[in-house]
Amino acid sequence: MIIFRKTIGLSILIGIISGFGALFFFEGIKIATRFIMGDIWGYQYPVDGMSLETISSWAPPSNIWMFLPIICLGALASGFLVYRFAPEAEGHGTDAAIAAFHKTGYIRRRIPLIKALASICTISTGGSAGREGPTAQIAAGFGSIAADLLKLPDKERRIAIAAGIGAGIGTIFKAPLGGAILAAEILYLHDFESDAIVPAFLSSIIGYGIFGYFEGYEPIFSKCDLFWSITEIPFFVLLGIICAIVGIGYLVLFQRTGVFFKNLCTDHNIPIYFKPVIGAACIGLLVIALASYSHETFLIALGSIGSGYGFIQLAIYNLLPFSVLLFIPFVRILTTSLTIGSGGSGGVFAPGLTIGATTGGAFGMLMHYLLPDIVPMTAVPVFVICGMIALFGGIAHAPISCLIMIIEMVGDFSLFVPAMGAVAASVILVGNRTIYGSQLPNKTLSGAHRGDFDAHVLQVIPAKDAMTPLEKLLTLSPEDPCSKVLTLIEESTHYGFPVVTSDGLLVGMITLRDCNGCFDDRKIFTVMMKDLVTAGPETDLETILKDMIAVDIGHIPIVETKDGHYIMRGLITRRDITHAYVTKVQEECRMFI
């Protein structure tokens, strides 16, 4: 009962902090953007929530060349803050908050402030990033701090972090229901953290109430008259397929860009503070080149920087031409990858929504041109909204919460049916790919649920009874090129592979994280991990699981030692441990029946 009261009190406290934290962060972005983009650059930019009459008066900047120093200085300030004071604030904050939930359950106290300041520097100067990721990490960080003050045990501490993620995102988007469900859904690829839902409900609604009191309770996006009919459902399903394809392209480029910038700084001894500046300079030159070519490409360039909410609003109002809608997704994917992949601070939710919205708008307008009697012009904004839901719901593995959240953001619940068809098709095709690298397949692989196993059961199961034997494993040779790692990942959805010689000796392991040369033909033995954690065939699963959690790995090679060499016998993963545990428990239960 005492812990229950503390959890309720913590949820209320997280809600209050999330409301005011989101408010100050949101106002900070508005003030900085208005000053830098408006007063300095002279850009009368469109923003979400504008009426049709107001947004029609937006105007592009007159001096496009000023954008280059603006975005570079913003990236430099962001990089200095992050790498000097809090390296874990790099990139998109939601992923870092998810990682904290699964691993330590702690977020350093300096993170909320550093993340807020760095993200304001990135977003207000034109970096392609959103405000939701930083808000999630800020709120989750305050949840961790509050758990410290209340001296809560590990389980409640992690629930506080999850509730902070949901409350932060639900508050900044004025979508409390979607945000609360997101807290439970976004942690896993194929599972649900049900214990987080009720605390997240309470935190999210309190945060929403505080934020809305100052910013208003109207939905984020204003909408015109929307129309869709049941005959268009096949087109929405087809839109989901297209969004999945675009989303997968987004994931691939986003992940490879991060590896590229990491290698660039390592190989050329570039100070890490300047890594975001290199990405920003690339964006600045790209924007200038596009803006100098034609009026349409100028619009594409402007639609590919900043948070992108204004251009989503333009798309909902049918104010963007087909050519602009068609190319913004591809340029936005590039600018987002350069911004976040190079170490800039900001969320990936907003860029994902822009990519999905313009993809949906382009597809809807194409259908209107081809079949005007079935898809009228008034239906195109519905494709814009469903594109947002389908693309990000798929790549984030959060279809339910994204569906609800974005419907809340436009304030039209009649769109559930077409959106459900689109997001279902997208999720199925995206498969196990995800924009959040810290997501785990299910609860059993999370450090948050280590206590769900009975130690005495694991202690009586030897590794040899649970491992996958060598003959059933995908392995690599030391002489294979590093590029083969990506091929195996795409074919198998596994992320780590043993490196074994022709006579069965284990010489290393390689994962996507460890592979620094996955774009070239360098040999695997030059980059593989050689300092391995191993276990013997008779080692019990309790010991193996403790080792996995201690060093944060998901697999351990099972070996026999001979003359100082490891003879590979198999590989054991957390999933193997779970399967063996469940099988053993079922056997014990049958003995008592």
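Computed from the coordinates by the stated procedures, all read-outs in this text should not be read as laboratory data. Note that the coordinates shown come from a computational prediction; the quantities given were computed from them, not determined experimentally. No Cβ is skipped: glycine too gets one built from the backbone with ideal geometry, and neighbour counts run over all protein chains shown.
Of note:
- Each Lys and Arg adds +1 at its Cβ and each Asp and Glu adds -1 at its Cβ; summed about the Cα centre, the chain shows a dipole of about 1060 debye.
- In order along the range 391-407, the Karplus-derived 3J(HN,Hα) couplings, from 6.51 cos²θ - 1.76 cosθ + 1.60 at θ = phi - 60°, round to 5, 6, x, x, 6, 9, 6, 9, x, 5, 5, 5, 4, 5, 4, 6, 4 Hz, and Gly and Pro are given as x.
- Projected-area mean, the range 452-591, by convex hull of Cα positions, square nanometres: 9.2
- Whole-number D in µm²/s for the range 370-429 (Stokes-Einstein; Kirkwood sum over Cα pairs; 4 °C, 1.567 mPa s): 111
- Beta bridge orientation in the chain: antiparallel %, DSSP, nearest 5: 85
- The protection proxy used here, the mean number of other Cβ atoms lying within 10 Å of each residue, ranks peptides 356-362, 483-489 as follows, highest first: 356-362, 483-489.
- Base-10 log of normalised Debye intensity for the range 530-580 (one unit scatterer per alpha-carbon) at q = 0.21 Å⁻¹: -0.72
- Stretching Ile241 away from Cys224 to a fully extended chain increases their span by 3.5 nm, per 0.36 nm per residue minus the current alpha-carbon distance.
- Helix 154-172 and the long axis of the chain differ in direction by around 20°, with both axes built from C-alpha atoms.
- Centroid-to-centroid, using Cα positions, the range 104-162 and the range 311-329 are 33 Å apart.
- Note that the range 346-359 has calculated 3J(HN,Hα) couplings of x, x, 9, 5, 4, x, x, 5, 5, 4, x, 5, 6, 5 Hz, one per residue in order, obtained from phi through the Karplus relation 6.51 cos²θ - 1.76 cosθ + 1.60 (θ = phi - 60°); glycine and proline are x.
- The phi-based Karplus calculation (6.51 cos²θ - 1.76 cosθ + 1.60; θ = phi - 60°) puts the 3J(HN,Hα) values of the range 571-587 at 9, 10, 10, 5, 5, 4, 4, 4, 4, 5, 4, 4, 4, 5, 5, 5, 4 Hz, whole numbers, x for Gly and Pro.
- Spacing of the two label points (7 Å from each Cα toward its C-beta) at Leu474 and Ser414, in nm: 4.7
- Most tightly packed first, judged by the mean number of other beta-carbon atoms within 10 Å of their residues, the peptides 9-16, 346-353 read 346-353, 9-16.
- By the count of other C-beta atoms within 10 Å, a proxy for reagent exposure, Tyr43, Tyr250, Tyr369, Tyr581 are ordered fewest to most as Tyr369, Tyr581, Tyr43, Tyr250.
- Exposure proxy order (Cβ contacts within 10 Å, fewest to most) of Ser194, Ser401, Ser292, Ser144: Ser194, Ser292, Ser401, Ser144
- Dipole of the chain [Lys/Arg +1, Asp/Glu -1 at C-beta], most positive-end residue of Phe85, His190, Ala163: Phe85
- Listed residues Pro351, Phe101, Val499: farthest to the positive end of the dipole of the chain (Cβ charges): Phe101
- Listed peptides 380-389, 434-443, 159-168, 73-82 by packing density, highest first (mean Cβ within 10 Å): 159-168, 380-389, 73-82, 434-443
- Neighbour counts of other Cβ atoms within 10 Å put Ile29, Ile556, Ile567 in the fewest-to-most order Ile567, Ile29, Ile556.
- For Thr487 and Leu52, the difference between the fully extended length at 0.36 nm per residue and the C-alpha to C-alpha distance is 151.8 nm.
- Sequence-separation-based contact order of the chain, relative, with Cα cut under 8 Å and 6+ spacing, percent: 16
- Helix-only CD estimate at 222 nm, as mean residue ellipticity for the chain, using -39500 (n - 2.57) per DSSP H run (n ≥ 4): -19000 deg cm²/dmol
- Over the range 27-137 - Rg/Rh using Cα atoms and the Kirkwood inverse-distance radius: 1.05
- Relative pair counts by distance (%), Cα atoms of the chain, 20 Å bins: 20, 52, 25, 3, 0
- Listed residue (Gly570, Ser11, Thr231) projecting farthest to the positive dipole end of the chain, Cβ model: Ser11
- Averaging the sequence gap over all C-alpha pairs within less than 8 Å and six or more residues apart, then dividing by the number of residues, gives the range 452-591 a relative contact order of 31 percent.
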